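Report on the structure given below.
A short reminder: the numbers here are calculations on the coordinates, not readings from a lab. Note that this is a predicted model, so its numbers are computed, not measured. Quick reminder, even Gly has a Cβ in these numbers, built from the backbone with ideal geometry, and neighbours come from all protein chains shown.
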2 protein chains.
Amino acid sequence: MGSAATSGVTDAVFRPASVAVVGASSNADSPGHDYVRSLIDFGFRGPIYPINPRATEIAGLPAYPTLAAVPGDVDYAISCVPAPAVLPLIDECRAKGVRTLHLFTGRFAETGDAGAAALERDVARRASDAGIRVIGPNCMGVYDAVGGMAFRPDLPREPGDVAFLSQSGNNSVELMLHGAARGLRFSKVVSYGNALDLSEADFLDYLADDDDTRVVGAYIEGTGDGRRLFEALRRCAGAKPVVVLKGGRTGAGSRTAASHTAALAGRRQVWSAMLRQAGAVEVSTFDDLIDMLVAFAFLRVEAHALGAAPAVGVVGGGGGRAVQSADVCEEAGLRVPKLPAAIRVMLRERAPELADWVDNPVDQSILAGSAVSGARVLEMMLASPELDGLIANVGEDWVLGRPDAVDRMAHLVGRFAEIGERAEKPIAFVLGVADSPDETKWRAVEGGRQRLTDARLAVYPSVDRAARAMARYIAHLAAQQEHGGTPAAEGVRR
Amino acid sequence: MGSAATSGVTDAVFRPASVAVVGASSNADSPGHDYVRSLIDFGFRGPIYPINPRATEIAGLPAYPTLAAVPGDVDYAISCVPAPAVLPLIDECRAKGVRTLHLFTGRFAETGDAGAAALERDVARRASDAGIRVIGPNCMGVYDAVGGMAFRPDLPREPGDVAFLSQSGNNSVELMLHGAARGLRFSKVVSYGNALDLSEADFLDYLADDDDTRVVGAYIEGTGDGRRLFEALRRCAGAKPVVVLKGGRTGAGSRTAASHTAALAGRRQVWSAMLRQAGAVEVSTFDDLIDMLVAFAFLRVEAHALGAAPAVGVVGGGGGRAVQSADVCEEAGLRVPKLPAAIRVMLRERAPELADWVDNPVDQSILAGSAVSGARVLEMMLASPELDGLIANVGEDWVLGRPDAVDRMAHLVGRFAEIGERAEKPIAFVLGVADSPDETKWRAVEGGRQRLTDARLAVYPSVDRAARAMARYIAHLAAQQEHGGTPAAEGVRR
């Protein structure tokens, strides 16, 4: 865990000794129930205290009418009570020695109502006077699977090394669920809402020093202190890759951000310049955000491979996919050179009739029935000094049309996974989404993706997304190298 | 079916009276088996003749050693024999009175071998002398579910009104399978490979007049006659929307196209200008191709709604999704105006505390627990003259976290589907991919998509893809209107 010397965030925020859920509920369809359930399901090791004036037991745990009635210490409180009840709750927290208050409670400044905004300012003042740090209001709070902190029972149980901070609660859930399907696992996640006290800059400062975190993603709508955010971003991006999706880039977007988290969204150009100067990677869609986190989490690169217009080798899929792959790679800024001579020599020995025909990208349908497999070409591409990165299309739509589809898919993906596990160059695997209503096909594709992500490999749903992520990944590391040290590149080597 | 007066393609190409599969095989893992199986499974109504010198029966049908041995007439022959056997086959076809020869057989000019290219020219000459029209070589051939023609047993059985022509066999399969998952069904599909005789222009001429076809998609790598292609595209795009993915846009892409279908890919700028002038919609990724076909197949537009910078209303999803939606809509060229006054009046009556807070895009989490549903706002947006199009986020990741997830999902999607079915404005629904390894979640999302696509509604996997498709769709119709008639707009009104 980090030292967090420069941040308002300490380890206590992610791994408190005890948690009270104020406004806990027996109604399974309520946030006050979700928090209790999540803490239980994730195995939170300290005491969990449901607080509810009208219940004696919630989710199998003894409930208490007030914080004051709790028999032990309360380190961390989650507030699910309505906004008007928050000021008295702070007084109770102070009396009980609570260090951190997470306000799931919303309907403050984001409503646009002057009274609600004034109440929010009062909350800030009273918590500050009490020495209590506040997460939120209007947010999902903290996830840390090792410590047993979570805000929804269906989040990944297994911890990982990607951190995510999000001004939106729903985005944090979506990023975790869809990221998990791509193999991402998380060290710390925080949905921090209106950032009344602890801000994106505080969390970035903390994550910069957090040894559990190797890659950082962020969804940010606005900031109250641009200078501090810039410094925090620069420090964090100097230590590990930071990918940022800025919400509120447009007129309508910033108007919406104001009614969502009361954020001052600012001008897009200023943000983009700031992110670039800080060394962060800016993305503009949710898919791009996941794609870049997958790149930084799972692509591997040798130091020598960082050049402008890096060369890629592409295998797999039929002729149409080969043509598409070449187009999207070149359009993404990658070079697609002709097949390395060493591979052509191998082809001349083993499949002479194909030796002058097969090229890069390799059209798998040409190899079919020959003594040379696509996996063999992939292995030789890995060994070729002429290629900096690789893209391997699974080509599942062809495989799934064969009579032995399930076995064939498992074999092909297994071979790819073995090669990927040993690779010292970045390989992006392309496996389409499992959108077939046919359960057998769904299981075959889902199982294939699982096999690849279990091996900690980067999987993309289309070759254009793979090419764009690979190009940005290599360009980012090259830029880092150029600007002195290679902290980000070192950070992702394994 | 079309009159096809200007085209080498006649109805006989898609709906022959009888079919022989030359090189038919009992090996279930071979193309010679797939074609026989597909014709049987799709209920081809004429006789199917497997031709194999060493078999008496294939897939339950009597097999014949040669075409000459077939007792009845043979209208259409599918060749799965190797390239050197094709010239003698043409002689047999001539003797038998075959009108159309589909050459699945490949390894001609695309190999780059001079002898193979010479053989291809001989094939062209001999077929032409025999008065036989050739599809291919090096292609999957024809799909027409009404007539019972198909090239893979797992293609959609139910016919539809979208046609697709593809220089790549694999792309035709991928487009049909992934398009089917988005609700697309097909009138005619042809994978035409090297286009030795019947070309993309011939098929476009035919589809322009085909009453079964309302929307046309194409994957084209190159052409032997740019002028003729332009005329065919212009005629077809004048009659119905035509969406084109050009393969071989880059240096590496055109080199790959040459080794795939021996195509002369040409310069990208020339192609883009040609497509634009012809009134076709150019896309550059496979996802965009499907997204635009979905737009033309399922979005509906009122004539008055065609203006520059059309205004959209957005509902659904939490606050983060609302901000993202606003950003990607404006970046796609759509306006996101403030909530129409009539809706604010309704809110003031039913949920006064929210009336000054809720805006466009509508943050569903604000409405939760109030007397106003997102579906109700969507209905009012449909009725509002201030909005030209709508985007409805299902927000499934939130729904799937609730205890009654399956029922709630079904209810929400059902409401959306009912509203969509009655709508006279374009609505793009956003429902993410079903990538959860949890089978219950998979079924809930898959079932939701099915409900929407069964209602012939446009479903997109992300709000940015929905926004881009909506913007291009409206811009295309507006451009068509401006250039005189409104054939495309009329074509898609229902």
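Volume per residue for the protein assembly as shown equals 152 cubic angstrom (convex hull of Cα atoms).
Can you list the copy-to-copy distances for residue A:270, using a point 7 angstrom from Cα toward Cβ, in nanometres, shortest first? Output for residue A:270: 4.9 nm, nearest copy listed first. Here region B:368-474 is assigned +1 on the Cβ of each Lys and Arg and -1 on the Cβ of each Asp and Glu. Its dipole about the Cα centre then comes out at about 160 debye.
Among residues other than residue B:366 with Cβ under 11 Å from its Cβ, the summed charge is -3 (Lys and Arg +1, Asp and Glu -1). Relative to the other identical copies, residue A:337 shows label-point distances of 5.7 nm, where the label point lies 7 Å from Cα along the Cβ direction and values run shortest first.
Beta bridges from DSSP with both residues in chain B: antiparallel share about 10 percent, rounded to the nearest 5. Taking a point 7 Å out from the Cα of residue A:69 in the direction of its Cβ, the residues of region A:90-129 whose backbone N falls within less than 19 Å of it are A:90-98.
For the segment B:243-255, counting C-beta atoms of other chains within 10 Å of every residue's C-beta and taking the mean gives 6.
Considering chain A at the alpha-carbon level, its Rg and Dmax are found to be 25.3, 83 Å. The slack between residue B:129 and residue B:277, meaning 0.36 nm per residue of separation minus the straight C-alpha distance, is 49.7 nm. Between the beta carbons of residue B:439 and residue A:26, assuming R0 = 45 Å, the FRET efficiency works out to 0.95 to the nearest 0.05. Residue and whole-Å distance for the chain A Cβ lying nearest the axis of the A-onto-B rotation are A:433, 2. In this label model, residue A:370 and residue B:481 are separated by 5.4 nm, measuring between points 7 Å along each Cα→Cβ vector. In this simple spin-label approximation, residue A:11 and residue A:146 carry label points 7 Å from Cα along the Cα→Cβ vector, and these lie 0.9 nm apart. All other residues whose Cβ lies under 12 angstrom from that of residue B:128 are scored, Lys and Arg at +1 and Asp and Glu at -1, for a net of +2.
Hey, what number do you get for chain A at 222 nm if only DSSP H runs of n ≥ 4 count, each worth -39500 (n - 2.57), divided across all residues, to the nearest 500? Here the helix-only value at 222 nm equals -13000 deg cm²/dmol.
The trypsin sites (Lys or Arg not before Pro) of region B:42-98 meeting both criteria, a DSSP state outside H, G, I, E and B (loop) and at most 15 other C-beta atoms within 10 angstrom of the site's C-beta, are B:45, B:54. For chain A, the longest principal axis of the Cα atoms and the long axis of helix A:463-482 meet at an angle of about 80 degrees.
Tell me the net charge near residue A:334. Cut-off is 12 Å between Cβ atoms, residue A:334 excluded, with +1 for each Lys or Arg and -1 for each Asp or Glu. Here the count lands on -2.
Counted over region B:176-231 with a bin width of 5 Å, the fraction of Cα pairs per bin, in whole percents, is 4, 16, 27, 23, 17, 10, 3, 0. Building the convex hull from the alpha-carbon atoms of region A:300-492 and averaging its projection over directions returns 10.5 nm². Overall, chain B carries a charge dipole of about 480 debye about its Cα centre when +1 sits on the Cβ of Lys and Arg and -1 on the Cβ of Asp and Glu, all other atoms neutral. Here residue A:454 and residue A:383 are evaluated by their C-beta separation; at R0 = 25 Å the FRET efficiency comes out at 0.50. Loop-located GluC sites (Glu not before Pro) in region B:276-369 (DSSP state other than H, G, I, E, B) with a sparse environment of at most 14 neighbouring Cβ atoms within 10 Å: B:302. Figure legend: label point modelled 7 angstrom from the Cα of residue A:87 along Cα→Cβ; residues of region A:115-147 with amide N under 18 Å from it are A:115-132, A:137. Peptide packing for B:374-386, B:168-180 was compared via the average number of neighbouring C-beta atoms within 10 Å per residue; ordered from the highest value, the list is B:168-180, B:374-386. Would you mind checking the tilt of helix B:226-239 against the longest principal axis of the Cα atoms of chain B, expressed as 0 to 90 degrees and rounded to 10? Around 50 degrees separate the two axes. First measure r as the distance between the Cβ atoms of residue B:349 and residue B:270, then evaluate 1/(1 + (r/R0)^6) with R0 = 60 Å and state the FRET efficiency to the nearest 0.05. The formula returns an efficiency of 0.50 here. Inter-copy label distances at residue B:56, shortest first and taken from points set 7 Å along Cα to Cβ: 8.5 nm.
Spacing of the modelled spin labels on residue A:118 and residue B:411, each 7 Å from Cα toward Cβ, amounts to 3.9 nm. Give me the angle, in degrees from 0 to 90, between the Cα long axis of helix B:114-130 and the longest principal axis of the Cα atoms of chain B, rounded to the nearest 10. On a 0 to 90 degree scale, this one is about 80. Expressed as a rounded percentage, what relative contact order does chain A have, with Cα pairs under 8 Å and six or more residues apart? Relative contact order here is 12 percent.
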